[in-house]
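Below you'll find the structure, written out as structure tokens, and then a few comments.
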Protein chains: 2
Amino acid sequence: MAKLGSVEGRDGAAGLVEVLDYVRRHGTSTRSALVEATGLSRVSVAQRLAALLERELVAEGDLARSTGGRAPRTLRFRREAGYLLVADIGATSVDVAVADLSGAILAHAAEAADVADGPEVILSRAEELFEDCRAQASPLPGELWGIGIGVPGPVEFESGRPVTPPIMPGWNGYPVRERFAHHGVPVWVDNDANVMALGEYTAGLGRGTENFVYVKIGTGIGAGVIVRGALHRGTQGCAGDIGHIQVPVAGRDVICRCGNIDCLEALAGGAALQRDAEEAAREGRSPFLRAMLDENGSLEASDVAIAAAHGDVTSLELFANAGRHVGGVIAGIVNFFNPSLVVIGGGGARAGDHLLASIRETVYRRSLPLATRNLVIHRSQLGGQEGVIGAAAMVTNELFAPDFLARWLDSGSPVGQAHAVPA
Amino acid sequence: MAKLGSVEGRDGAAGLVEVLDYVRRHGTSTRSALVEATGLSRVSVAQRLAALLERELVAEGDLARSTGGRAPRTLRFRREAGYLLVADIGATSVDVAVADLSGAILAHAAEAADVADGPEVILSRAEELFEDCRAQASPLPGELWGIGIGVPGPVEFESGRPVTPPIMPGWNGYPVRERFAHHGVPVWVDNDANVMALGEYTAGLGRGTENFVYVKIGTGIGAGVIVRGALHRGTQGCAGDIGHIQVPVAGRDVICRCGNIDCLEALAGGAALQRDAEEAAREGRSPFLRAMLDENGSLEASDVAIAAAHGDVTSLELFANAGRHVGGVIAGIVNFFNPSLVVIGGGGARAGDHLLASIRETVYRRSLPLATRNLVIHRSQLGGQEGVIGAAAMVTNELFAPDFLARWLDSGSPVGQAHAVPA
């Protein structure tokens, strides 16, 4: 456990930060545990707890096990003191949720959407779904404390604006944060893969894993990087943008939406799979895909998964090829970053075993033996909810970051607070 | 400045750690600064300083500027309390140095060597050079406190042993740490590129840069990764091993020493350059290289640099090609990791402007615009000393890491201490 800083001599809200932080991180706690962890005297701890109890951020709970004398009263963070609204905007879907202050999802709603319809349409739809979720979660615990949004493109985290997102026409520089400012609470916006990596770290396979990479294979391809237990956003906030890494392909110059050729996304993303499947159907290489194309007029990546599940050889080959490309890029990442875990998420995680098998085979063949000695490559187990779980985790991380917490603690809640200032 | 932990109530060596740490990191300091930074009372600070002064780890210096009353006496870390021996083993060289406890180099010696001669030969030579350096630096400050070694291959940092290093035959699993155990001080061993990245962070272009990548282009190619101001070693300690990332090449299956094909190192490392230059010379594509080959019987990478400096078109092309391959891999790293700085080191940094220009051109073309918005790609300015500077930084980081420091502080020096235990 990290040692907490000395708070002797500091006054006001700043003095409460460490105590609240400890209670929040440890679920339930006791006064003795707080004295030991903070190095504060019993009197100081008691004073700070009284202030937090008065603000209804901490509550007294059951009796803890006695270690000799009178059984101590447990303390718990009041996760029901407020709630969060979160949205995971995908290329072809909008997922929204209401979460409590521990990040637990209280209500969830999702529907198909096309991110290319632009921010006005998509974010208005998210607002409507927020209302559905609020109704579902009613009675709501406390008032709204914060909003978190994930979008499928690079985001400048400080300003909350998408920056030249290849698969999001109309979103470049759009002030997503300001769009939600009317709620009167702080809003944080990040890239979807970053948010999903936080979700895996909070509640998924990456729980407690210090160094891992989450790879989202959807219409686009992106990654979120956890280093020493925290999201690595990089200098411009665009770390993890692996969809535009060039992959080795012989005799094929595929132009990507970003303008470069042979980007991973252009060869192995959902849109690429769809394009290659339609081509195979039209050229008569797969009667199965042909029949689906004739029936629906177009093919989705999920159709290819269905065809593969039915043993269609062309579809199996498409997934094997995509897996080789993705695996090649992950192999490079494994050599460079040496993570202990790679989590595969997005639609690609639900595409059956062929894609995953092909990714694994390539990584184990192409990475250094030492780097893969204890490496685990696994599908996300969060069933596509890693986006909303991670968006909630992003908001709680920011709300309770010491500097930001110190700014709102006196008023009792972050309502009306400006956004976190850049570090 | 990071807040120091509360030390009230703790006793013995552990209580001294924060005070020594603060004095060491700040060069010169005062009692008032210590009181403010640690949150300790003046009496506690005075007690701890007395213990450190008695152990001769801290000394009183000049008078500091008065801020009203009597001018305070400055305090400084006694960097001359002991010294370090460090070695940077390269594929074709051994560099050793004596450093003081601040990591400053007091004496330096280097000579050509072939790492393939094996650990017994190479490390015995390093021991001899240590003696030369000790003589050079005489009179030595205090006694030997620690040893740091960098080697050109993957190292399991906890055990200090090279693991299947492709360009280091005979070194696999060799107990480098135990080889130096007779000195009676702790020994740390790491990959050379990791150590060089630490050198850049300590004294080079990366000074104070939170996220950057050091790329060493020598006989082999490797990288060291600094994340949030600390070396990222990865799960098995082999992060940064970028020499075996596969690069896109059309119609050419180059077998690498690691057993895979088309690894970056096999196409753009010093050995690859040498091989391609000799081939060009024999095939009559470069009269300049041919003349050098006829005269010397073989070509070195440095010969190609000389030929390029004389305008030999074939040599220029070899560097441009190598730069494109290295640049392609760095472009992927920039997309994934989004650093603010890439430092190019090793022999490749001394190969003239063509290699660097080609790397830059490729990275700026192939990386996402957002990721390169503020990216700087530069040659190391440490003149090849980043290895020994970094090895010294590795040793001081480890010697003064709180847990290790607490173990030896009572005895006054780390002499006779076992190695840092794995976290």
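How would the protein assembly as shown be classified by its alpha-carbon gyration tensor: rounded, prolate or oblate, with rounded meaning a/c under 1.5 and the a/b versus b/c comparison settling the rest? Verdict is oblate for the protein assembly as shown.
Run through the DSSP bridge list for chain B and note the antiparallel percent, rounded to the nearest 5. Taking every DSSP beta bridge within chain B, about 60 percent pair in antiparallel fashion.
Summary for A:G173: label point 7 Å along Cα→Cβ; distances to the equivalent points in the other copies, ascending, 6.1 nm.
Label point of A:S302 (7 Å along Cα→beta-carbon): distances to the other copies' equivalent points are 6.4 nm, sorted ascending.
Cut-off 20 Å, label point 7 angstrom out along Cα-to-Cβ of B:D253: give me the residues of the stretch A:299-322 whose amide nitrogen falls inside. Inside the label zone: A:321. For the stretch B:187-218, backbone nitrogen atoms closer than 14 Å to the point 7 Å from B:D132 Cα along Cα-to-C-beta are found at no residue.
The local environment of A:V415, defined by Cβ-Cβ distances under 15 Å, has a net charge of -2 under the rule Lys, Arg +1 and Asp, Glu -1. Can you tally the net charge around A:R161? Count Lys and Arg as +1, Asp and Glu as -1, for every other residue whose Cβ sits under 10 Å from the Cβ of A:R161. Charge balance near A:R161 sits at -2.
Taken residue by residue and averaged, Cβ atoms of other chains lying within 10 Å of the Cβ of B:254-266 number 1. Residues considered: A:H183, A:H354, A:H26. Largest GNM mean-square fluctuation over chain A, using C-alpha springs under 10 Å, is found at A:H26. What does the average come to when, for each residue of peptide A:327-333, you count the partner chain Cβ atoms lying within 10 Å of its Cβ? Taking all residues of A:327-333 together, the mean is 4. Mean partner shielding of peptide A:369-375, defined as the number of other chain Cβ atoms within 10 Å of each residue Cβ, is 6.
Put a dot 7 Å past the Cα of B:E300, heading toward its Cβ, do the same for B:A104, and the two dots end up 3.3 nm apart.
Report the FRET efficiency, 1/(1 + (r/R0)^6), for B:D410 and B:E361, where r is their Cβ-Cβ distance and R0 is 51 Å, rounded to 0.05. Present the calculation step by step, with values, prior to reporting the outcome.
Values: r = 57 Å, r/R0 = 1.11.
For B:D410 and B:E361, the calculated efficiency is 0.35.
The residue list A:L57, A:G237, A:G259 was ranked by how far each Cα lies along the charge dipole of the protein assembly as shown toward its positive end, using unit charges on Cβ atoms, and A:L57 comes out on top.
Against the main long axis of the alpha-carbon atoms of chain A, helix A:270-282 sits at an angle near 20°. Full extension of the chain segment joining A:A50 with A:E36 gains 3.2 nm, where the gain is 0.36 nm per residue of separation less the Cα-Cα distance.
So for chain B, averaging the separation of alpha carbon pairs under 8 Å that are six or more residues apart and normalising by length, what relative contact order in percent results?
Numbers: 851 pairs, mean separation 66.6, N = 423.
This gives 16 percent for chain B.
Across the identical copies, the label point of A:R285 (7 Å from Cα in the Cβ direction) is separated from its matches by 3.4 nm, in order from shortest.
Per residue, the accessible area of the stretch A:353-395 comes to 38 Å², computed with a 1.4 Å probe over protein heavy atoms only.
The values are calculated or read from the model by the stated rules, or taken from the named source; none is laboratory data. Computed from a predicted structure; not experimentally measured. Every residue, glycine as well, gets a Cβ built from its backbone with ideal geometry; the counts of neighbours run over all protein chains shown. To get the accessible areas, we keep the full protein, side chains included, count just its heavy atoms, and leave off ligands, DNA and RNA. Shrake-Rupley method; radii C 1.70, N 1.55, O 1.52, S 1.80 Å.
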